[in-house]
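All of the numbers you see were taken from the coordinates with simple rules; none came from a lab. Because the structure is predicted, anything quoted here is derived from the model rather than measured. Counting neighbours? That spans all protein chains shown, and the Cβs are built from the backbone with ideal geometry, glycine included.
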């Protein structure tokens, strides 16, 4: 600070510099927050990756930092002179000029930029799929272009501009060079590894070309016309496709010669006598069959009788009602990983997962060392004239003040404290370490790693003879982590009739955001009832192995038919009618609170089917727009009527609502669903009233009938040809109807009787 210029001119140049740096600091802070959201979604909320808002946030977060870097490098460097001319009627007239040293500021900005790119690389999905699947997603070209541009800027600053700094501010050592160079080396190492893994996965018969290989394998090796009993596991392909010689034909790939021991099939895995290992490999082989369905191959092209027989045998003889559903759940997790993450492409070569883990470890170590260096006492990166630390300003400037009478030199620190640049760097460092740790853990706990290890045990008999190898492999196979479990085992719930006014803020907020009423864990009773209903269809299989679900659904209480619903009535309308009837019966019997698995099943499946009509009509057989309009009209009428009916208890309101709806013989058509549901609910309630002497027995009989009906209903609507709808459901974390759709597809139940010309099965 020198002479009289200090009081007048220095504040002017300080404000000028602060305005230029303010935009950079704000954009860095905003982009850091956005990347934090992306990391949280990638690590803890994977089902939200495909949400439109998530994609918008990711796009903004990965593109904001490029104009930040370009702006600051062009606006703040040692070659640009900041000049201010100021005139005053009173006393002063003159100029002030400043040459500034931005090395600390730009170095921290370059560090922040490299960390942002690493986060972007780690959270970007890469998919190597068959052309028929239409889901191929390569590494982001935007990230590559950004890495090249920012690397050029880094070289320009660290090498080309360094001489200019030395000429103006004296010969100093630029201590931040090694941090920036190491960081950008890691950026390019990760990008090169991603591109290589994606290319190899696209060429792999186990990954990218799997559907074509599986179709050719099924047709040539397994379609032998033999009708197996189903007790022997079929030779489904698990792994090792890249170890055999194949040639291309019209419908896929076929072997050249005899398959070697490198090809691991399900019958070889079944010799391990460990159900957990069997189920993982069984799910992986079914995942490959399901990919054929997504590649638009028909069941006749990739399916075969042995597989269906084995599935039916497993379903019928296994004592656990949830085991086969668990296999399908694992299968859908493989499909989710393959279509919506970067993990599977790393398994195209055996050493790629090891290289990925190694680079992640180097990234973590480098980030820790960099942070420790920045926070150490006098941890400055450059030292123009004196030692500095993080409390120093962002720029060091040499100023020349030309007043009316004299020319005075001076030097000063300008801008805000260096913490404004350092804090975003520390936050991004934490995010980088979180993403790297998550990526390492995903390899350790992944089912893909388990499949690789199991197949290695099958190929190498010597592994089973070595206690050390067996222990290490066994420890990895036993690893479990809920964080990487894609299937949430939840079912959303929605209600049309809400007789009790909910004043809690959570239900009101969910209603305001148009979200389902509840999200509950799937009860074991629901799974048991669905499997029981599915087992009842085993006797309806035709000679060609295709099962058709019944054309007509009936609700029977004992031997008495209460309701018969045809396909022509509309599945959505049938669901809403029976949902309203179930809700009414629940309210009429609420005071008794009888614990019953049938009651739990009926209520949960009823509300889940109402949720499907409300939020996921694309997964139902009916027209999407018709389902939406039907629900909106029914919900509007239900809300208006329930709100104007007097009563102190839900039971009283329910009775008056039923009487009002049943009495409307001339009601408008949009009240038809409500009226029919009320009439059906009244019939069910009357059945309990008739049997006053055996009240509990009659109520249990009604709940048993409702549970059976809803189990049949959810199985009836599950078969679907809407592949995109189920793919989106898998991206969200899965739906119960998608789980059943995949199971029924493998069992050969992929159409309904009324959807084809096939004869009805009694």
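Highest average first, the peptides 241-252, 460-471 ordered by how many other beta carbon atoms sit within 10 Å of their residues are 241-252, 460-471.
Order of 192-198, 118-124, 274-280 by packing, highest average Cβ count within 10 Å first?
Working: 192-198: 19.0, 118-124: 23.1, 274-280: 16.6.
With the highest mean Cβ count within 10 Å placed first, the list reads 118-124, 192-198, 274-280.
Diffusion coefficient of the range 237-355 by Stokes-Einstein, Kirkwood radius over Cα pairs, 25 °C, 0.890 mPa s: 152 µm²/s. Each label point was placed 7 Å from the Cα along the Cα-to-Cβ direction; for residue 318 and residue 361 their separation is 3.7 nm. Label separation (residue 623 vs residue 203): 5.1 nm, computed from points 7 Å beyond Cα along the C-beta direction.
In this structure, residue 276 and residue 37 have a Cβ-Cβ separation that, at R0 = 30 Å, corresponds to a calculated FRET efficiency of about 0.25. Based on other C-beta atoms within 10 Å, arrange 746, 579, 273 from fewest to most. With the fewest neighbours first, 746, 579, 273 line up as 273, 746, 579. FRET efficiency for the residue 728 to residue 261 pair, using the beta carbon distance and R₀ = 35 Å, is estimated at 0.30.
Straightening the chain between residue 29 and residue 188 buys 54.8 nm, computed as 0.36 nm per residue apart minus the Cα-Cα spacing.
Label-to-label distance for residue 466 and residue 248 is 3.9 nm, based on points extended 7 Å past Cα in the beta-carbon direction. Here the mean projected area of the convex hull built on the C-alpha positions of the range 422-474 is 4.6 nm².
Taking all Cα-Cα distances within the range 237-288, those exceeding 12 Å account for 68%. As a rough footprinting exposure proxy, the listed residues 608, 340, 624 were ranked by other beta carbons within 10 Å of their own, and the order from fewest upward is 624, 340, 608.
Rounded to the nearest 0.05, what FRET efficiency do residue 686 and residue 136 have when you use their Cβ-Cβ distance and R0 = 51 Å? Rounded to the nearest 0.05, the efficiency is 0.30.
Quick check on the exposure proxy: order 143, 657 from fewest to most C-beta atoms within 10 angstrom. Spell out each step's value before the answer.
Details: 143 20, 657 25.
Placing the least packed residue first, the sequence is 143, 657.
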